[in-house]
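Have a look at the structure below, then the notes.
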Amino acid sequence: NKMILFGILGAYFGIPGLGLVITSILDKDMGLLAPGVFFLLPALVLWFFFFKAAQTRRDIKRNGEIQRLAKAGFGTPDEICAKIDAELSNSLHFSHSYKGGLFITQNWIITRIGMSVFIRPTKELIWAYKKETRTNYAGVYFSVVLVFSDGKMLEVRTESELKSEEILLVIYEKLGHVLIGYKEVYQQLFKSNISQLIAVGVKRSEQGSNQD
């Protein structure tokens, strides 16, 4: 029975009602030869990843960044989540939040990307700068680009140029090792020798200035 078979598959993947959806697109007489089967595999894949993404959103400990940090020795997923929660709620730590879901604390940068959550220790942030984008359909908008020590970049769109500058000011005042502002020399170092770019930030921090 196809209904039972796909119901079992649905239970295995944790997707209730999967049997009903799949059976509805299959012709009762032609079975798997029906045209609907050509949509079956993509539908299954999309449904599976959507379910997993929703599951991750409900349980932050499943987040890829949390898992990476746990493997890197930051503690268990529960301990990492507890540290983040403490900084977000404890007035002893500075905590700034911005429209769009960007949070910056002394030790963490947290934002939302699609259905997932982006979490990075602030010590991995090495460079931050304002970006202006001009488009024919949306005019001009601003964002803050965050560059991390592993070469990954995160662009966070902001409400205005002023809001971008506000975020950079917080980073400048609280995170002395982070280079602030776009410079072509930083861009070249980022592309060719990121360890040297990190060293520039450390040196600026020791000198008491992370901005030209």
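Read the figures in this text as sums done on the coordinates, not as results from a lab. Keep in mind it's a predicted model, so treat the numbers as computed, not measured. As a convention, Cβ positions derive from the backbone with ideal geometry for all residues, glycine included, and neighbour counts pool all protein chains shown.
A few comments on the model shown:
- Listed pairs 131/163; 123/174; 131/174; 83/163; 130/183 exceeding 18 Å between Cα atoms: 131/174; 83/163
- A simple spin-label model places pseudo-atoms 7 Å from Cα toward Cβ; at residue 161 and residue 141 they are separated by 1.8 nm.
- Estimated at 0.36 nm per residue, the fully extended path between residue 134 and residue 206 surpasses their Cα-Cα distance by 22.2 nm.
- In this rough spin-label picture, where each label sits 7 Å from Cα along the Cβ direction, the residue 74-residue 86 distance is 1.4 nm.
- For the stretch 100-171, a simple Cβ point-charge model (Lys and Arg +1, Asp and Glu -1, everything else neutral) yields a dipole of about 160 debye relative to the Cα centre.
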